1. For Gly55, all conditions in the list (1) under 19 Å from Ile113 (Cβ atoms); (2) open to solvent by less than 40 Å² (accessible area, probe 1.4 Å); (3) out of contact with any His (no Cβ under 9 Å at 6 or more places or on another chain) hold save one; what is the number of the exception?
2. Quickly run through segment 99-115 and pick out the residues that are touching a residue at least 60 places away in the same chain (Cβ under 8 Å) and either of a type in the set (A, V, I, L, M) or open to solvent by less than 10 Å² (accessible area, probe 1.4 Å) (or both).
3. Can you name the residue in segment 77-95 that is of a type outside the set (A, V, I, L, M, F, W, C), over 18 Å from Leu45 (Cα atoms) and touching a strand residue (DSSP E or B) at 6+ places or on another chain (Cβ under 7 Å) and, of all such residues, is surrounded by the fewest Cβ atoms within 10 Å (Cβ to Cβ)?
4. Tally up the residues in segment 160-185 that are among the hydroxyl-bearing types (Ser, Thr, Tyr) and without any contact (Cβ under 8 Å) to a residue 60 or more places away in the chain, please.
5. Mind checking which residues of segment 141-160 are assigned to a strand (DSSP E or B) and touching a Lys or Arg at 6+ places or on another chain (Cβ under 7 Å)?
6. Looking at segment 146-164, is at least one residue hydrophobic (A, V, I, L, M, F, W, C), over 22 Å from Ser197 (Cβ atoms) and out of contact with any helix residue (DSSP H, G or I) (no Cβ under 6 Å at 6 or more places or on another chain)?
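The values are calculated or read from the model by the stated rules, or taken from the named source; none is laboratory data. Computed from a predicted model, the values in this text were never measured in an experiment. Using ideal geometry, Cβ is built from the backbone for each residue, glycine included, and neighbour counts are taken over all protein chains shown. What goes into the accessible areas is simple: the full protein's heavy atoms, side chains included, and nothing from ligands, DNA or RNA. Shrake-Rupley method; radii C 1.70, N 1.55, O 1.52, S 1.80 Å.
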Amino acid sequence: MTASVLAALIFATAGTAFANLDDTRATIAARYSEYRLVIDTDNQLWTKAEWEATGHKKAKAASFLHAFERQGLHIQMEVQYENNSPAALVKAQRFTPDMAIKVKDFKYYFPEIYELIVSPKAEAFATYRELTRNFQEAKSPVTMGVVVKTPPAPGKGGYYTLIAFNVQDEGRLLKDAKYINENTYIREFTIERVFRSAAQEAFGNGDWVPIKKYF
């Protein structure tokens, strides 16, 4: 199987809690049920049964794919781990709903991530610099981000949590940060680590421009 088969992925209802960067494969499975598919480092796609039977003996996993439903919205979640150990921590996640959602409606679909975004340690910003390499959909020239200025996991004090949003305007790409507001659409978003020093530098040199939290 190849990654092109992803278009035929069948979504089903899973758990209601969302992963954080201190989760492991076990806690992800407990919250969402088991992963459905695996993409290996050669970009080959495996079903869970194929991976557990022979795949893990031949290849290294690049990411694990889950699918769930919230408020009638089907969402695909891709999870990357630090390494292939079952105890490895989550390194990055990508959430891709089957339809774009408005910023002001984000809390209805992702309440636990919303709580992270509105926490006192979280700061929203806009940038024209590349914020993540993990977007899959067409990307606007401007990206909205939220950085949470606390360690994402024990022993990860050199990092912050970064949430990057691929934002659009009713299907059109956004070209200027001044158009970001509560009615802006989110096509996909990622949760990743960012070095504390890199985040501080980006704010300091103006690459990341603070904006209102429109959530």
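1. The failed condition is (1).
2. We begin by selecting, within segment 99-115, every residue touching a residue at least 60 places away in the same chain (Cβ under 8 Å); these are 100-104, 106-107, 110, 112-114.
Within segment 99-115, Ala100, Ile101, Val103, Phe106, Phe110, Ile113 meet the criteria.
3. Only one residue tops the list, namely Glu82.
4. Our first condition is that a residue be among the hydroxyl-bearing types (Ser, Thr, Tyr); within segment 160-185, this holds for 160-161, 179, 184-185.
Within this subset, residues satisfying the condition of being without any contact (Cβ under 8 Å) to a residue 60 or more places away in the chain are 160, 179.
Qualifying residue count for the region: 2.
5. So the first thing to find is which residues in segment 141-160 are assigned to a strand (DSSP E or B), and the list is 143-148, 159-160.
Hits for segment 141-160 are Val148, Tyr159, Tyr160.
6. No, segment 146-164 contains no residue that is hydrophobic (A, V, I, L, M, F, W, C), over 22 Å from Ser197 (Cβ atoms) and out of contact with any helix residue (DSSP H, G or I) (no Cβ under 6 Å at 6 or more places or on another chain).
Residues are listed down the side, and each one gets a yes or a no for (1) in the same structural domain as Gly157 (by the TED database); (2) assigned to a loop (DSSP other than H, G, I, E, B); (3) modelled with pLDDT of 90 or more; (4) within 17 Å of Asn134 (Cβ to Cβ):
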{"site": "Glu50", "(1), (2), (3), (4)": "no, no, yes, no"}
{"site": "Thr54", "(1), (2), (3), (4)": "no, no, yes, no"}
{"site": "Lys57", "(1), (2), (3), (4)": "no, no, yes, no"}
{"site": "Glu69", "(1), (2), (3), (4)": "no, no, no, no"}
{"site": "Gln80", "(1), (2), (3), (4)": "no, no, yes, yes"}
{"site": "Pro86", "(1), (2), (3), (4)": "no, yes, no, no"}
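Yes or no, residue by residue, for (1) buried (at least 20 other Cβ atoms within 10 Å of the Cβ); (2) part of a helix (DSSP H, G or I):
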{"position": "Leu162", "(1), (2)": "yes, no"}
{"position": "Gln168", "(1), (2)": "no, no"}
{"position": "Lys178", "(1), (2)": "no, yes"}
{"position": "Asn183", "(1), (2)": "no, no"}
{"position": "Ala198", "(1), (2)": "no, yes"}
